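The values are calculated or read from the model by the stated rules, or taken from the named source; none is laboratory data. What you are looking at is a predicted structure, and each value in this text was computed from that prediction instead of being measured. Glycine gets a Cβ as well: all are built from the backbone with ideal geometry, and neighbour counts include every protein chain shown. These area figures cover heavy atoms from the full protein model, side chains too; ligands, DNA and RNA do not enter into them. Shrake-Rupley method; radii C 1.70, N 1.55, O 1.52, S 1.80 Å.
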Amino acid sequence: MRKTTAKHLTNDNEGIAAAVRFLNDGRLVAFATETVYGLGADARDGQAVARIYDAKGRPQFNPLIVHVQDLDAAQRFGVFDAQAAQLAAAFWPGPLTLVVPLAPGHGLSPLVTAGLDAVGIRVPAHPLARRLLAAFDGPVAAPSANPSGRISPTTADHVLAGLSDRIDAVLDGGPCPVGLESTIVGGAPLALLRHGGLAQNDIEALSGPLAAAGPGIRAPGQLASHYAPRARIRLNAMHASADEVLLGFGAMPCDLNLSARGDLIEAAANLFGHLHNLDARDMPIAVAPIPNTGLGRAINDRLNRAAAPR
């Protein structure tokens, strides 16, 4: 077991002040958002951003999302056309990342965008994240606070279990209420780059039909193998074999159930936490079928990547 070295900060003014000091010093601070815990660093500090990649073991062609406190702040770093501004007005703060062209004089480290000419920006809704961003008053690059490719963290304990000796602090905001990473859209025509905590149909009700993502890595979460536990995953399973544990959905016998009542919002919030729990049992994981509608699309996206060959 790793020796815990990261400071566990409480969600009060003292904890936020300590987190800001770490960020100002180029250090790494994990913090709660409504989606998952993010691993934050000053997005303008190349060495600090490099520490994110090092701590996570993250491929450097996989870009990072920049978190800011509001649309005015976002416009310092990205160029928002009328459609992007409309989506920001409708869904921010919330679990939507918009990939937009870099603004002139943006000041972000090139490592944040992995050398691309666009940046993913989000305004989180979690009260603690918003207090932290207001106190820091700068852009925070923050992928999920877990070793690259592993299960995303939805509690401070998940963060400490995966990164305790690689980061400086975790600002504890309790369990993440959404429990899935943000949905990512961007480009012209506007494309869905990653399913996430905001349902595709909610976006399309405002934007019209979204195009499919093209080839290449344009946004976080597009690697074929991602969000994976140590254990092997078998999808669309109605029963577990003798050597497996079963992650269920709906009314069924299982080891853990994403939502016994078949609620996709509840299932999304439980997904990563239940995968962490089952992975600790050191057995292969069978997963029941999930309806591929609404947030079920995002859940199935995460499960397909978790089950992909590594």
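Residue 132 passes every criterion in (1) touching a strand residue (DSSP E or B) at 6+ places or on another chain (Cβ under 6 Å); (2) part of a loop (DSSP other than H, G, I, E, B); (3) over 30 Å from residue 188 (Cβ atoms); (4) not hydroxyl-bearing (Ser, Thr, Tyr) apart from (2).
Identify the residue in the range 58-105 that is small (Gly, Ala, Ser) and either crowded, with 18+ Cβ neighbours inside 10 Å or in contact with a Lys or Arg (Cβ under 9 Å, 6 or more places away or on another chain) (or both) and, among all such residues, is farthest from residue 228 (Cα to Cα). Before you say what the answer is, go through the steps one by one.
So the first thing to find is which residues in the range 58-105 are small (Gly, Ala, Ser), and the list is 73-74, 78, 82, 84-85, 88-90, 94, 103, 105.
Checking the rest, the ones that are also either crowded, with 18+ Cβ neighbours inside 10 Å or in contact with a Lys or Arg (Cβ under 9 Å, 6 or more places away or on another chain) (or both) come to 73-74, 78, 84, 88, 94, 103, 105.
Numbers: 73: 33, 74: 31, 78: 31, 84: 31, 88: 30, 94: 25, 103: 34, 105: 37 Å.
Among residues in the range 58-105 that are small (Gly, Ala, Ser) and either crowded, with 18+ Cβ neighbours inside 10 Å or in contact with a Lys or Arg (Cβ under 9 Å, 6 or more places away or on another chain) (or both), the one farthest from residue 228 (Cα to Cα) is 105.
Which of the residues that make up the range 230-248 are open to solvent by 30 Å² or more (accessible area, probe 1.4 Å) and at negative phi? Full working, then the answer.
Our first condition is that a residue be open to solvent by 30 Å² or more (accessible area, probe 1.4 Å); within the range 230-248, this holds for 230, 232, 234-236, 238-243.
Those that are open to solvent by 30 Å² or more (accessible area, probe 1.4 Å) and at negative phi: 230, 232, 234, 235, 238, 239, 240, 241, 242, 243.
Filtering the range 3-54 to residues that are more than 29 Å from residue 110 (Cβ to Cβ), at pLDDT below 90 and open to solvent by 90 Å² or more (accessible area, probe 1.4 Å) leaves only 3. Candidates are the residues of the range 88-100 that are aliphatic (A, V, I, L, M) and within 19 Å of the chain's Cα centre (by Cα); the one that is nearest to residue 127 (Cα to Cα) is 96.
May I ask you to list the residues in the range 248-281 that are assigned to a strand (DSSP E or B) and in contact with a helix residue (DSSP H, G or I) (Cβ under 6 Å, 6 or more places away or on another chain)? Even if it seems obvious, please write down each step before you answer.
Going residue by residue through the range 248-281, those that are assigned to a strand (DSSP E or B) are 248, 256-257.
Listed by number, the list holds a single entry, 256.
Entry remark, the range 137-160: residues being farther than 26 Å from residue 119 by Cα, of a type outside the set (Ser, Thr, Tyr) and either at pLDDT below 95 or part of a loop (DSSP other than H, G, I, E, B) (or both) number 0 in total. Checked against (1) over 16 Å from residue 304 (Cβ atoms); (2) at pLDDT below 60, residue 224 meets all criteria but (1). Looking at the range 3-82, the strands (runs of 3 or more DSSP E) lying wholly inside it that each contain 1 or more residues that are acidic (Asp, Glu) and on the phi < 0 side of the Ramachandran plot sit at 38-42.
Number of residues in the range 144-172 that are open to solvent by 20 Å² or more (accessible area, probe 1.4 Å), small (Gly, Ala, Ser) and in contact with a helix residue (DSSP H, G or I) (Cβ under 6 Å, 6 or more places away or on another chain) equals 1.
Whenever a residue of the range 109-125 is of a type in the set (Lys, Arg), its partners that are outside any loop (DSSP other than H, G, I, E, B) and surrounded by 19 or more Cβ atoms within 10 Å (Cβ to Cβ), lying with C-beta atoms within less than 8 angstrom and at least six residues away or across chains, give the pairs 122/65; 122/66; 122/67; 122/96; 122/97; 122/98.
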